[in-house]
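Novice: Below you'll find the structure I mean.
The values are calculated or read from the model by the stated rules, or taken from the named source; none is laboratory data. None of these values were measured; they are calculated from a predicted model. Heads up, the Cβs are rebuilt from the backbone with ideal geometry, glycines too, and the neighbour counts pull from every protein chain shown.
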Amino acid sequence: MHDQRTKILAELRLILGDAAGKLGQDIGGVADDDIIPDTGVLDSAGLLEFVVLIDEKYALALEPEEMTIENLGSLAAIADFVLARKRA
Amino acid sequence: MALPVPIPRVNNNDDVVKIVRIPVGVGDAVHAGDLVFEVETEKAVVGIEAEQDGYVLAIRCAIGDTVAVGTTALWLGATPDEPVPEEAAATPAAQEAPAGDTAVTAKALLLLRQHSLNANAIPRSGPRLTAADVEAFLESGEPPAPEEPPATLPRNLPAAALTRPLTPPERGLLSTVVWQRENAVAAYLEVEYDARAWDEYAAAFAKERRLLFSPLLSLLAYRLVRLAPEHHANGTVIEGAEPSLATYQHVNLGFTVQAGDSLYLCVVDLADTLDEAAFVARLGELQRRAVAHKLAPVEMRGATVGFTSMARWGGVRRHVPVLPPHTALMVAHTAPPADGRPAVLGATYDHRMLTGFDVVRLLQKLANPPKQAT
């Protein structure tokens, strides 16, 4: 489980890095628990694109009510959400 | 009196659709919302619903027919034995392409578009280019003649190195701007406003619900949903011998989403029937579907008022948007300047329906959030 979470975190970090890179931002200073919208590495449109990418990658089929800080606000939260979805 | 049921425009790209299913028959009783046709467009199969109760009096097309948008395909009556007006059948043979250097039947035009052919390159068997002419050319296997520059290009311009048919998104954009050019009298104005009230309102809304995304633009759009009917901006003008003003019964909010190189107008249907939170959720869902290029055709049509934002591109001070077809108002939001100057809300409006005063009053109200959550 830990290995799986580590792997997902690494994947998410790559996806976030790509998305932020398109906006000229570097995510080197973004910790796993940092709230992504507060870091400024993504604007609102970039955040939307990021969420769509992870939704497609992990086949999350996200519902509107799941678009919360608790579920998707940080890389760590997203990794936990993905793992919980896999177990469901 | 018998009511004609036309083939609606499913999306801006398609001037014709193919009938693939007719689940009703003459004499059937239908209710508003019942499926009466299924049509195939370039992108999907879409169901067409009856807009009111009635009896099917006549069906003017058949499965497999390609019919032009706007053609009467079915007649409904209050009773099953009402007389049906005499009119042309909904078949391509009754529709002709606009006259040009070559007269072309609608069926032939459809084939030309499907195969990216130039009408002038196809031998004709008669005065008009027919589908049979195009099919014979295709079967011959001859390569199409090189594209020639359109005859309407000015002589002093260099000859076009390459011409090609428009892609569906390009046809959609052309259709939109042509509608405005040919139907609306577009005017634009803007008002300055202090964005802090809206920023605080949106922040409180997001904090209360622990939202991941800023709801600012969605909340602005929802405010527009409420204001547009109050300010008589949710309608359009129908010109003709007896001009009239059509006010839509509901507000369908069109919201632009840039997804890569594609610009979508996603539409929240019946937006006025939703509360604020439900609207924000629904629009968020449509935005995600747009970014994923997964909007259904029905999610991109029927806007009665529009909202767009260039907030992503800071430094854009003025944005004069195009009116979506059959709307009278498109509000444009831009990001507040970093230098402390006031933010700007602009709007393109149809001057046939709205005065500058109407739009100023609406924008001035839009510049402030509602006093209470709705």
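Novice: Which members of the stretch B:267-292 meet the condition of being more than 13 Å from every other protein chain (Cβ to nearest Cβ) and hydrophobic (A, V, I, L, M, F, W, C)? I'd like the intermediate steps shown before the answer.
Specialist: From the stretch B:267-292, those more than 13 Å from every other protein chain (Cβ to nearest Cβ) are B:267, B:269-273, B:275-276; that's our starting set.
Across the stretch B:267-292, the qualifying residues are B:267, B:270, B:271.
Novice: Also, quick follow-up: I'd like to verify a number: residues in the stretch B:38-66 that are in a strand (DSSP E or B), modelled with pLDDT under 85 and closer than 16 Å to residue B:110 by Cβ, how many?
Specialist: 2
Novice: Could you list all residues from the stretch A:58-77 that are away from chain B (no Cβ under 12 Å), out of contact with any helix residue (DSSP H, G or I) (no Cβ under 6 Å at 6 or more places or on another chain) and surrounded by 15 or more Cβ atoms within 10 Å (Cβ to Cβ)?
Specialist: A:76
Novice: Filter the stretch B:270-296 down to the residues that are surrounded by fewer than 19 Cβ atoms within 10 Å (Cβ to Cβ) and either under 17 Å from the mean Cα position of the chain (by Cα) or outside any helix (DSSP H, G or I) (or both) and list them by number.
Specialist: Selection gives B:270, B:275, B:292, B:293, B:294, B:296.
Novice: Next question. Among the residues of the stretch B:324-353 satisfying the criterion of being β-branched (Val, Ile, Thr) and closer than 18 Å to residue B:310 by Cα, which is modelled with the lowest pLDDT?
Specialist: Step one: filter the stretch B:324-353 for residues β-branched (Val, Ile, Thr), giving B:327, B:331, B:334, B:344, B:348.
Among the residues that remain, those that are also closer than 18 Å to residue B:310 by Cα are: B:331, B:334, B:344, B:348.
Details: B:331: 97, B:334: 87, B:344: 91, B:348: 96.
Ranking the candidates gives B:334 first.
Novice: Another question, if that's okay. If I go through the stretch B:246-266 residue by residue, how many of them are under 16 Å from the mean Cα position of the chain (by Cα), closer than 21 Å to residue B:360 by Cα and either in a strand (DSSP E or B) or within 14 Å of chain A (Cβ to nearest Cβ) (or both)?
Specialist: Result for the stretch B:246-266: 3.
Novice: For the condition at pLDDT 70 or above and either outside any loop (DSSP other than H, G, I, E, B) or of a type in the set (Asp, Glu) (or both), what is the one hit in B:111, B:117?
Specialist: B:111
Novice: Restricting to the stretch B:223-245, name every residue that is assigned to a helix (DSSP H, G or I) and surrounded by fewer than 12 Cβ atoms within 10 Å (Cβ to Cβ).
Specialist: Passing the criteria: only B:230.
Novice: Shifting gears a bit: Looking for whichever is under 11 Å from the mean Cα position of the chain (by Cα) and either within 11 Å of chain B (Cβ to nearest Cβ) or on the phi > 0 side of the Ramachandran plot (or both) here; the options are A:80, A:55. Which one fits? Steps first, answer last, please.
Specialist: Working: A:80 fails: either within 11 Å of chain B (Cβ to nearest Cβ) or on the phi > 0 side of the Ramachandran plot (or both).
Going through A:80, A:55 in turn, the sole match is A:55.
Novice: State whether one or more residues within the stretch B:232-244 are over 26 Å from residue A:74 (Cβ atoms), touching a Phe, Trp or Tyr at 6+ places or on another chain (Cβ under 9 Å) and of a type in the set (A, V, I, L, M, F, W, C). Please lay out each step first, then the result.
Specialist: As a first pass, look at the stretch B:232-244 and keep what is over 26 Å from residue A:74 (Cβ atoms): B:232-244.
After this cut, where a residue has to be touching a Phe, Trp or Tyr at 6+ places or on another chain (Cβ under 9 Å) as well, the list is B:233-236.
Narrowing further to those that are of a type in the set (A, V, I, L, M, F, W, C): B:233.
Within the stretch B:232-244 (the criterion being over 26 Å from residue A:74 (Cβ atoms), touching a Phe, Trp or Tyr at 6+ places or on another chain (Cβ under 9 Å) and of a type in the set (A, V, I, L, M, F, W, C)), the answer is yes, since at least one residue qualifies.
Novice: Of the conditions (1) in contact with a His (Cβ under 9 Å, 6 or more places away or on another chain); (2) buried (at least 23 other Cβ atoms within 10 Å of the Cβ); (3) within 13 Å of chain A (Cβ to nearest Cβ), residue B:304 fails just one. Which one is it?
Specialist: (3) is the only condition that residue B:304 fails.
Novice: Now for a different question. Looking only at residues in the stretch A:4-52 that are β-branched (Val, Ile, Thr) and either within 11 Å of chain B (Cβ to nearest Cβ) or touching a residue at least 60 places away in the same chain (Cβ under 8 Å) (or both), which one is surrounded by the fewest Cβ atoms within 10 Å (Cβ to Cβ)?
Specialist: Selected residue: A:35.
Novice: Name the residues in the stretch B:29-53 that are over 19 Å from the mean Cα position of the chain (by Cα), at negative phi and exposed (fewer than 15 other Cβ atoms within 10 Å of the Cβ), would you?
Specialist: B:29, B:31, B:32, B:35, B:52, B:53
Novice: Can you pull out every residue in the stretch B:187-222 that is farther than 18 Å from residue B:310 by Cα, buried (at least 18 other Cβ atoms within 10 Å of the Cβ) and more than 14 Å from chain A (Cβ to nearest Cβ)?
Specialist: B:201
Novice: Residue check: is residue B:286 modelled with pLDDT under 95, of a type outside the set (Asp, Glu) and in contact with a helix residue (DSSP H, G or I) (Cβ under 8 Å, 6 or more places away or on another chain)?
Specialist: no
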